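Presented below is the structure to which this report refers.
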Amino acid sequence: MSNVEKEPGPQAPSPSPQDAEPEKRKREYKDFGHEEEGPTRALVDMDTIELKAEDLYDKEKVDLETIVIDDVFKLLQCDENGLSEEEALRRLELFGPNKLEVDEQNAFLQFLSFMWNPLSWVMEAAALVAIVLSNGQGQPPDWPDFVGIVLLLFINSAIGFYEERNAGNAVKALMDSLAPKAKVKRAGNWSEIESATLVPGDMISFKIGDIVPADCRLTEAINVSIDQAALTGESLPQSKKNGDQCFSGSTCKQGEAEGVVISTGSNTFFGRAASLVGQDDDTTGHLQKILAQIGSFCLITIGIFVLAEIFCLYAGFRYGYRRGLDNILVLLIGGIPIAMPTVLSVTLAVGAQQLAKYKAIVTRITAIEELAGVTILCSDKTGTLTTNKLTIDRNTIQTYGPFSAEDVILLAAYASRTENQDAIDASVVQAIGDPTRARAGIKLLDFKPFNPVDKRTEITYRQEATGKLKRVTKGMTGIIIELCTRNKTEEIENRLEKDVEEYATRGLRALAVAFEEVDGDDFEAEGNGFELIGLLAIYDPPRDDTKQTIDDAVALGVRVKMVTGDQLAIAKETGRRLGLGDHMYPAKVLKDGPAPGSKHASLDEMIMDADGFAGVFPEHKYEIVKRLQGLGHLCAMTGDGANDAPALSRANVGIAVEGATDAARGAADIVLTEPGLSTIVHAIRQSRVIFQRMRNYSIYACAVTIRIVVCFAILAFTYKFDFPPFMILIIALLNDGTIMTLSVDRVLPSMTPDSWDLAEIFSYAVAYGIYLTASTIALVCIIKETTFFQDSFGVSLDTDFPIASNDPQLHMVIYLQVAIISQALIFVTRSHSFFFMERPSSALMIAFCIAQLISSIIAAYGDWGFTKIKAISGGWIGIVWVWNIVWFIPLDWIKFAMKATVIKRLRQRHEAKAVQDAATGVPMTRTQSRAASIHESLYSNRVSFIKRAARKVGFGQKISMKPEELQRFSSIQAQRVGATLARNPSRTAA
């Protein structure tokens, strides 16, 4: 028989073999209850509290979670009267407040972080060149270029800072405290205090509906039931008795309790999880890896042509120091896509605000880009795929007597509490539809609530219509059947055992119901004998929208795997109901690997093939995510509890569902604020829209780098063309202003997971860049070598033919031509078909028109002597516009030609490699985790360089943990309490 999850409480004692009837075998109904381990003793001399830290960390000697309660009081130097106020204040200084620390980002450092990446460094170097190195040959420092570069840097940083700060502010509203108030005994008197001031050794109390404010051991428990599903993944509330541990953040569902605090704040069960995740400053997002590679492409391109200019202009043409420097500045300023980190940050920040409309709060902004590429979604079950609310499965009710299924439910509701309900009573009462029916038509005479000893509830009532006394009981199958003297036959027992076993194989929990009549008017009298009338199946049902969500995710190319702490049979049943599949494995296979002779050659192959895993601990979830990433998948993980936090942190995209604990929220990248998973599908679609915007910009930025660097280098080599650096700054400024609107551009999401194919991006960029370079060089050649425009259109420049290479009006013509067609390129890169087939956003069109109007006005009226330009006539402006339109139209054909040749071959090569890798078992070459090199982390915009420096000198130390330690992180941290007190004994102690 499959083992299903059991209601807490000790098992009823089994009769010895000699007591059993020889002809009857022992029956076991494994529907509720579990074996319990007895308390242990600390293997140390409890008369000496001054223990060494290494002793307290030795699990063989001390475990504050399991040692007898007397030893806990001795270790923590406290008693049941509570601590004195003076001692509580002393311990508050030792252990810190009972709340999770929030790592506040310094606003000024966040602003500066937008200037801390290799692309910005090159611009900053250019500014230094303009103000320091250019002061020579009798000329002053290049103040216009210096001021322009600094202004460009500050504008980009300000925009990125503003948008990212706005997105960050939305997150702060989600960080709720664990339990604002706590009832504590200090110096023998009970009072209510801020839960943040609780310390280890405090005596606390809580009752039904309260949140447990700190990890504690119970000293008094009256019918206590604790819901800790969000922490441990257990579906049913757990009964607690004296000496048991309660976790901070769990909810009291029934009874009242007192206990002694053993750990607070970051030392609690889920506080520890919050401390171990998300604290590694050497990690960065997938997007930063892409930024690093795109940045390297641009920097290498610029570096090659800067070196070429140094050799050609200085060694070949014998340029003066300042003249050659201006040419180099043109390549540095024009070639660096300085706005790239800002444009992508703004795009992500705007996307985060759009996701907030779907009730998804983004806590790590680059997670949006990673979500677009997610191929596997690992989901917790309890509270995520399911409602975490027990329900009676009406379709599987079994009856054994004269009563119908509806009668059985109604009688079971009679035998349930209507107030202060536990989870099972609530599910039964809910099943009858109208809760008032649970007491309608009857007069309650006696009610016995569930307790861990009897494992059943019982009601005695008078039926108002007939005046007869009746009694109903419901509870553990093995207990109820022993009471049923009226119809307990071999046939009934065989049928009951078969039904319970069938429930177990489907992951359903059995609840037996029995009925009897009582003669006379004495409600305490014995009845005429209980009769088994029915068996109810209890399960945690899927959310209404979960199946549709999973179907939508699969349609988007995302495979969903269930990863749950619940039992295998329950996981399989949930998988069947959701259409997720029931090809699931217990967590032990992650350690043992595939069974000999199985169809799976390796554990990785088994993980990929599985629909899910059951009975997992935190380290199992972590291992599953890690292995999927190792196979080349971008992996998302959903969860709601502290037990999910390590995997949420490891996943490329961690998603905390509605109602998640602070530990899960702190570890997650996206926090959902309304129930259900439908938001995830909206988030995936929206993230792919955002990805398309970023990809379009990346092609554009790389193409402009090629276009500026190659174009002006060739002009310098062929015509000794000295274009003014200040005009390149103007082009960059107008470009950046226009390109910012890409963050709200209208694009279509892909129906498959997105991935960065940098070979495609660079191929497109080179093709576009070379073509635009040709458009400028051809214009210069015609103006310098012929009088075509003068003869055809009656225009002229201030100087007669031949035109000098560095004529100020020629500079203005080239400025206008480069400014117009460079910006127009975005309409080609943003579309998959002809540019006019995909309508851009209004913001992009308006920004483009304004930028071109400004460029044309500058061309018509700009006469700035310091920058070697001079205004041109309207005729020349018209010629440049027509020239650009003529050259712009074939850009779409270049795109189609690239798709049919180079891009097609690249994709075929990728597909062939993927097939080969699949055959040989070699992982795909995709991002495996958020771990990054120092070079990649320089693009993170998270001031990581400051944090690394601080950590090296001892500031801001954070707890770190190896994956194999995750399973027992709560116990290890609980022991830190005793260790700290041992090193700092009470000054008032004798």
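The values are calculated or read from the model by the stated rules, or taken from the named source; none is laboratory data. Since this is a predicted model, take the numbers as computed values, not measurements. Here Cβ is always computed from backbone atoms with ideal geometry, including for glycine, and neighbour counts include all displayed protein chains. When the accessible area is computed, the model is the full protein with side chains, heavy atoms only, and any ligands, DNA or RNA have been set aside. Shrake-Rupley method; radii C 1.70, N 1.55, O 1.52, S 1.80 Å.
Values as computed for the structure displayed
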quantity: Which numbered condition residue 384 fails, given (1) modelled with pLDDT under 80; (2) under 28 Å from residue 292 (Cβ atoms); (3) touching a strand residue (DSSP E or B) at 6+ places or on another chain (Cβ under 8 Å); calculated: (2)
quantity: Residue ranges of strands (runs of 3 or more DSSP E) in the stretch 428-487 with at least 1 members of a type in the set (Ser, Thr, Tyr); calculated: 456-463, 469-475
quantity: Residue within the stretch 707-721 that is buried (at least 24 other Cβ atoms within 10 Å of the Cβ), over 17 Å from the mean Cα position of the chain (by Cα) and β-branched (Val, Ile, Thr) present; calculated: yes
quantity: Given (1) under 28 Å from residue 614 (Cα atoms); (2) crowded, with 21+ Cβ neighbours inside 10 Å; (3) assigned by the TED database to the domain that holds residue 435, number of the condition residue 396 does not satisfy; calculated: (2)
quantity: Residues located in the stretch 722-740, provided they are open to solvent by 10 Å² or more (accessible area, probe 1.4 Å) and polar (S, T, N, Q); calculated: 735
quantity: Long-range neighbours under 8 Å by Cβ, at least six apart or interchain, first residue closer than 12 Å to residue 808 by Cβ within the stretch 850-879, second of a type in the set (Lys, Arg); calculated: 862/870; 863/870
quantity: Scope the stretch 187-214; condition on the phi > 0 side of the Ramachandran plot and either surrounded by fewer than 17 Cβ atoms within 10 Å (Cβ to Cβ) or under 33 Å from the mean Cα position of the chain (by Cα) (or both); matching residues; calculated: 187, 188, 209
quantity: Which listed residue, of 597, 659, is touching a residue at least 40 places away in the same chain (Cβ under 8 Å), assigned to a loop (DSSP other than H, G, I, E, B), surrounded by fewer than 24 Cβ atoms within 10 Å (Cβ to Cβ) and not charged (D, E, K, R); calculated: 659
quantity: Hey, residue 802 without any contact (Cβ under 8 Å) to a residue 60 or more places away in the chain and not charged (D, E, K, R) or not; calculated: yes
quantity: From 877, 846, residue being crowded, with 19+ Cβ neighbours inside 10 Å, part of a helix (DSSP H, G or I) and out of contact with any Phe, Trp or Tyr (no Cβ under 8 Å at 6 or more places or on another chain); calculated: 877
quantity: Among the residues listed as 743, 763, the single one being among the small types (Gly, Ala, Ser) and open to solvent by 20 Å² or more (accessible area, probe 1.4 Å); calculated: 763
quantity: Meets criteria (open to solvent by less than 20 Å² (accessible area, probe 1.4 Å), over 16 Å from residue 733 (Cα atoms) and out of contact with any Ser or Thr (no Cβ under 8 Å at 6 or more places or on another chain)) for residue 831; calculated: yes
quantity: In the stretch 428-462, residue nearest to the chain's Cα centre (by Cα) [restricted to those that are surrounded by fewer than 16 Cβ atoms within 10 Å (Cβ to Cβ) and at positive phi]; calculated: 433
quantity: Test result for residue 777, assigned to a helix (DSSP H, G or I), touching a residue at least 24 places away in the same chain (Cβ under 8 Å) and in contact with a helix residue (DSSP H, G or I) (Cβ under 9 Å, 6 or more places away or on another chain); calculated: yes
quantity: Pairs, first in contact (Cβ under 8 Å) with a residue 60 or more places away in the chain in the stretch 120-131, second among the acidic types (Asp, Glu), C-beta under 7 Å, six or more apart; calculated: 130/142; 130/145
quantity: Single match in 310, 376, 302 (criterion: closer than 21 Å to residue 117 by Cα and at pLDDT 80 or above); calculated: 302
quantity: Candidate set from the stretch 326-376 (those that are of a type in the set (Asp, Glu) and in the same structural domain as residue 653 (by the TED database)); member that is surrounded by the fewest Cβ atoms within 10 Å (Cβ to Cβ); calculated: 370
quantity: Odd one out for residue 624, checked against (1) touching a Lys or Arg at 6+ places or on another chain (Cβ under 9 Å); (2) surrounded by fewer than 20 Cβ atoms within 10 Å (Cβ to Cβ); calculated: (2)
quantity: Answer residue from the stretch 309-325, given it is touching a residue at least 40 places away in the same chain (Cβ under 8 Å) and open to solvent by 50 Å² or more (accessible area, probe 1.4 Å) and is nearest to residue 867 (Cα to Cα) among those; calculated: 323
quantity: Filtered residues of the stretch 552-582 (kept if outside any strand (DSSP E or B) and either within 21 Å of the chain's Cα centre (by Cα) or of a type in the set (Val, Ile, Thr) (or both)); calculated: 552, 553, 554, 556, 557, 558, 564, 565, 570, 574
quantity: Some residue of the stretch 215-222 being open to solvent by 20 Å² or more (accessible area, probe 1.4 Å), within 23 Å of residue 539 (Cα to Cα) and either modelled with pLDDT of 85 or more or of a type in the set (Phe, Trp, Tyr) (or both); calculated: no
quantity: Some residue of the stretch 786-807 being surrounded by 15 or more Cβ atoms within 10 Å (Cβ to Cβ), hydrophobic (A, V, I, L, M, F, W, C) and closer than 30 Å to residue 909 by Cβ; calculated: no
quantity: Only listed residue being loosely packed, with under 12 Cβ neighbours inside 10 Å and either in a helix (DSSP H, G or I) or at pLDDT 95 or above (or both), chosen from 899, 904, 895; calculated: 904
quantity: Filter pass, residue 423 being modelled with pLDDT under 85, in contact with a strand residue (DSSP E or B) (Cβ under 9 Å, 6 or more places away or on another chain) and surrounded by fewer than 24 Cβ atoms within 10 Å (Cβ to Cβ); calculated: yes
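Condition check ((1) open to solvent by less than 20 Å² (accessible area, probe 1.4 Å); (2) at pLDDT 75 or above; (3) in contact with a helix residue (DSSP H, G or I) (Cβ under 9 Å, 6 or more places away or on another chain)) across all residues:
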| residue | (1), (2), (3) |
| --- | --- |
| 56 | yes, no, yes |
| 76 | yes, yes, yes |
| 88 | yes, yes, yes |
| 95 | no, yes, yes |
| 102 | no, no, yes |
| 107 | no, no, yes |
| 113 | yes, no, yes |
| 116 | no, no, yes |
